[in-house]
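The values are calculated or read from the model by the stated rules, or taken from the named source; none is laboratory data. Predicted model only: the values in this text are computed from it and were never measured. Virtual Cβ from ideal backbone geometry, glycine too; neighbours counted across all protein chains shown. Protein only, heavy atoms only, side chains kept; ligands, DNA and RNA dropped before computing areas. Shrake-Rupley method; radii C 1.70, N 1.55, O 1.52, S 1.80 Å.
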Amino acid sequence: MRIGIDLGGTSIKGGIVDEKGNIILQKNLKTIKGKDENGDIICNGIIQIIKELIKAKNASIDEIELIGLGVPGNIDYKRGIVGRCVNLGWENVHLGSILEKEFGKKVLIDNDANVAAGAEYLFGSSKNSKITLLVTLGTGVGSGAVLNGKIYRGINGAAMELGHTIVGENFYNCSCGNNGCLETFTSATAIIKYAIKLIEEGRETIITDSVNGELHNIDAKIVFDAARKGDLVALEVLNRFIKYLAIGINNAINILDLDSVVIGGGVSAGCDLFIDKLVSEINKIKLYKDTPLCTIRKATLGNSAGIIGAAMLDKI
């Protein structure tokens, strides 16, 4: 048995995972935020959820083969250190050694997108791929790559930040401080911001009716639903999203010569609306016109990928 922990800004999700990647028991705990530079508050939550999983399974710590964690941020994989995690307010938190001291077990930690990419490679949409990229489209844009069976982490654990590659000039700056990051064109946040921009410029749309004029209630699903109904503003937002996502993925293809791309995250719920158009757009701009395009498909593991991938970190 293995334990995987998916640590996010709103919740800590933990599960016991078998060797086939099945979550056989899961528990969630709200992430308690506050002044927590040393990680004490959230670490206590992680310890609590691990103990609860073991107790609920009527198991002992000796029966647990591995504890793995996926954490948003820059991770020193070899030393188990969370270098910087803006969402949690962490700087250089020695999470691995804290948990190893508590449980007497080897603990592996990686970036959350890397973990999800590993899960999709082992058990999901990119199984049997040689060089695969997972792109997660949510509040931000994350990505992780598996090259010949191993997660690509780079030298400093900062590889594959596709969301912070610059693809154009935008009307607002990224949270990282730069302008033009892919994240500001293709995340749920970007979709919402652009829809609001068009509405505030006086464009008529059914999106406004959907939220009773309360623009702060707009989300990506509302925009995509309006696009399905042929709303011109929603379609403009959608087409802009597709254009820049194609640029970002095409850049990755040019660098890595991928055989598969998997789209995950909350925005992937709209894949039926945009994935065919995305493939068409990439085909228009790809470098080698005679070379077949890699497969591009929706992730299959959904919200389970973080737990499963974390539990399997020693395999990837």
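So, in region 144-189, exactly how many residues are of a type in the set (Gly, Ala, Ser), modelled with pLDDT of 95 or more and within 17 Å of the chain's Cα centre (by Cα)?
Total satisfying the criteria: 5.
Please enumerate the residues belonging to region 190-234 that are under 23 Å from the mean Cα position of the chain (by Cα) and hydrophobic (A, V, I, L, M, F, W, C).
ALA190, ILE191, ILE192, ALA195, ILE218, ALA220, ILE222, VAL223, PHE224
For region 75-87, check the following and say yes or no: at least one residue is of a type outside the set (A, V, I, L, M), free of Cβ contacts under 8 Å to residues at least 60 places away in the same chain and either closer than 25 Å to GLY302 by Cβ or open to solvent by less than 10 Å² (accessible area, probe 1.4 Å) (or both).
Yes; the residues of region 75-87 include at least one that is of a type outside the set (A, V, I, L, M), free of Cβ contacts under 8 Å to residues at least 60 places away in the same chain and either closer than 25 Å to GLY302 by Cβ or open to solvent by less than 10 Å² (accessible area, probe 1.4 Å) (or both).
Evaluate the following for GLU91: is it of a type in the set (Asp, Glu) and under 27 Å from TYR152 (Cα atoms)?
yes
Within region 228-272, can you find the residues that are free of Cβ contacts under 8 Å to residues at least 40 places away in the same chain and not in a helix (DSSP H, G or I)?
If the condition is that a residue be free of Cβ contacts under 8 Å to residues at least 40 places away in the same chain and not in a helix (DSSP H, G or I), then LYS229, GLY230, ASP231 are the ones that fit.
Inspect all residues belonging to region 118-133 and state whether any of them is open to solvent by 10 Å² or more (accessible area, probe 1.4 Å), over 19 Å from the mean Cα position of the chain (by Cα), at pLDDT 95 or above and closer than 19 Å to ILE307 by Cβ.
no
Can you tell me which condition LYS27 does not meet? The list is (1) touching a Lys or Arg at 6+ places or on another chain (Cβ under 9 Å); (2) over 14 Å from ILE5 (Cα atoms), and all the others hold.
Answer for LYS27: the failing condition is (2).
Tell me the residue from ILE5, ILE12, ILE50, ILE67 that is part of a strand (DSSP E or B), in contact with a Phe, Trp or Tyr (Cβ under 8 Å, 6 or more places away or on another chain) and open to solvent by less than 70 Å² (accessible area, probe 1.4 Å), please.
One residue alone meets the criteria, ILE67.
Could you please let me know if LEU108 is assigned to a strand (DSSP E or B), under 17 Å from LYS298 (Cβ atoms) and either charged (D, E, K, R) or in contact (Cβ under 8 Å) with a residue 24 or more places away in the chain (or both)?
Criteria not met by LEU108.
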